[in-house]
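The values are calculated or read from the model by the stated rules, or taken from the named source; none is laboratory data. Computed from a predicted model, the values in this text were never measured in an experiment. For neighbour counting, all protein chains shown are included, and Cβ atoms are generated from backbone atoms with ideal geometry for every residue, glycine included. Each accessible area value is taken on the protein alone, full model and side chains, heavy atoms only, with ligands, DNA and RNA left out. Shrake-Rupley method; radii C 1.70, N 1.55, O 1.52, S 1.80 Å.
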Amino acid sequence: MSEAMLEFRDVSFTYPGDNKPTIDKLSFSLNKGEFVCLIGPSGCGKSTIFRLVNKLLKPDSGHIYVNGRDINEQKSYCGYMPQSDLLFPWRSVATNVRLPLEIRGGMSDAEMNDKINEALENVGLGGLGNKSPSELSGGMRQRAAFARTLMTGCELLLLDEPFSALDYLTRLNMREWLSEQWEHENKTILFITHDVEEAVFLSGRVLAADNYPISSLTAVPIPAEYPRTRATLEEAHMVEIREQLIEKLRKEHS
């Protein structure tokens, strides 16, 4: 049996001023090494789940565990990558990626530089560390942001629609790239997206928030081997899964 990396146990949360909860006694888990996409209609509470995991919000009741320990007993347990790359324009690409290492401390400049150079090479930005973020394309900036997230050293990564602002062709390329990075890094990833095709392409399992308040998540396994290509999405069973998920979300949204 696989060991859980992230686990919600009967978690509830209500925003101040609301008369009903956004999250209501929600329980679910992610196993170590899984790539799971979380989908649901806009405003249903997907990002609230992320904010609860990274302690930007505190549950009204219930518990959240990472690697078997309550998150309230931990400090650095997850890396978070939001929709915007949030690279600091006054820092170079390399010094942006360096930031989590500076916060963690305990490394010499030489050790940090070695890790940064390796990370940039791994995400296809080798030799670009001295560039300003403004000199990079949107896709390259997201690669730099992902490298920075990896520098947290955390096994659990929360990615909140990181490709939503990119053009369609760049998004396609970034999906394939991220899937390769996940296989290489062996992290546990929870990825929010509104794009069902993106979810089906990336996930080993999709979690659909198809009720409101979110009291449960419908788990849909994706029976396709990695690595995947665009052709994978055209296979009959993959098309069927995609259409079922779209229909499920349309019913919830109507």
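If I ask for residues that are more than 15 Å from Leu178 (Cα to Cα), part of a helix (DSSP H, G or I) and open to solvent by 40 Å² or more (accessible area, probe 1.4 Å), which ones from the stretch 123-149 would you list? Correct list: Ser134, Glu135.
Within the stretch 70-83, residues that are at pLDDT below 90 have Cβ atoms under 8 Å from residues that are of a type in the set (Ser, Thr, Tyr) and open to solvent by 20 Å² or more (accessible area, probe 1.4 Å) in these pairs: Ser76/Thr152; Gln83/Ser164, counting only partners at least 6 apart in sequence or on another chain.
Somewhere in the stretch 22-29, is a residue at pLDDT below 95 and surrounded by fewer than 16 Cβ atoms within 10 Å (Cβ to Cβ)? No: zero hits.
Of the helices (runs of 4 or more DSSP H) lying entirely inside the stretch 154-245, those containing at least 2 residues that are open to solvent by 20 Å² or more (accessible area, probe 1.4 Å) span 168-185, 230-233. The condition of being closer than 23 Å to Arg242 by Cα, more than 18 Å from the chain's Cα centre (by Cα) and among the acidic types (Asp, Glu) holds for only one of Asp210, Asp195, Asp160, that being Asp210. Residue count for the stretch 104-122, restricted to those that are surrounded by 14 or more Cβ atoms within 10 Å (Cβ to Cβ) and at pLDDT below 90: 2. Of the set (1) open to solvent by 30 Å² or more (accessible area, probe 1.4 Å); (2) out of contact with any Cys (no Cβ under 7 Å at 6 or more places or on another chain), all apply to Pro82 but (1). Taking the residues in the stretch 39-66 that are in contact with a helix residue (DSSP H, G or I) (Cβ under 7 Å, 6 or more places away or on another chain) and in a loop (DSSP other than H, G, I, E, B) as candidates, determine which candidate is farthest from Ala4 (Cα to Cα). It comes out as Pro41.
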